[in-house]
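See structure below.
Each value in this text was obtained by applying a stated rule to the coordinates, not by laboratory testing. Here the structure is a predicted model, which is why all the values come from computation and not from measurement. A quick note on method: Cβ atoms are made from the backbone with ideal geometry, for glycine too, and the neighbour counts reach across all protein chains shown.
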Amino acid sequence: MKRAPLKALAVDGGVKDRNLKRLRRIEGQVRGLQKMVEDDRYCAEIMTQISSVQEALRGVSRELMRNHLKHCATSAFKKGEDEAEQMYDELVDLMYKHNR
C-alpha cells in the first residue's frame, strides 16, 4: 500500500519565499554549469561553480531543517512518547544524511 506524501505542519511564508527564490537561482546556476560543460570550460572553473551550487543547496537544507524542528518535531514531541520516538529516529536519520 502506497502512503500519501506527508505535508509540513506549518511553513513560514517568508521562509517559503526565500527557499523558492534560492531554488530558482540554483536552477539557473545548474543551467550555467551545463553550458560551461558544453563549452569545454576550464575544469577548475566548473568545479568552483559546483561548490557554489552545493553551498546554496546546503542553505536551503538548513532553512528546511529549522522549519522541521520548529513545527513538525515540536508537534510530535508534544503528542506523546510514541510520536516523539519516531521523530527522534527521523531526526537522527536526517542528520546522518545531511552530514554526508
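For segment 14-98, with the dipole built from +1 on Lys and Arg beta-carbon atoms and -1 on Asp and Glu ones, taken about the Cα centre, which of Cys72, Gln29, His98 lies farthest toward the positive end? Comparing the listed Cα positions along the dipole, Gln29 ranks first.
Provide the net charge surrounding Arg41, with neighbours chosen by a C-beta distance below 15 Å and charges set as Lys +1, Arg +1, Asp -1, Glu -1. Net charge around Arg41: -2. The packing ranking, built from the mean of other Cβ atoms within 10 Å per residue, places the peptides 64-74, 45-55 in the order 64-74, 45-55, highest first. Taking Cα centre as origin and charging only the Cβ of basic (Lys, Arg, +1) and acidic (Asp, Glu, -1) residues, the dipole magnitude of the chain rounds to 400 debye.
Among the chymotrypsin sites (Phe, Trp or Tyr not before Pro) within the chain, those in coil by DSSP and having at most 11 neighbouring Cβ atoms inside 10 Å are Tyr42. With the cut-off at 16 Å, report for segment 14-98 the share of all Cα pairs above it, as a whole percent. Counting pairs separated by more than 16 Å, the tail of P(r) holds 63 percent. Straight-line reach from Lys21: taking Cα to Cα under 29 Å and skipping same-chain neighbours fewer than 8 places apart, the lysines in range are Lys7, Lys35, Lys70, Lys97.
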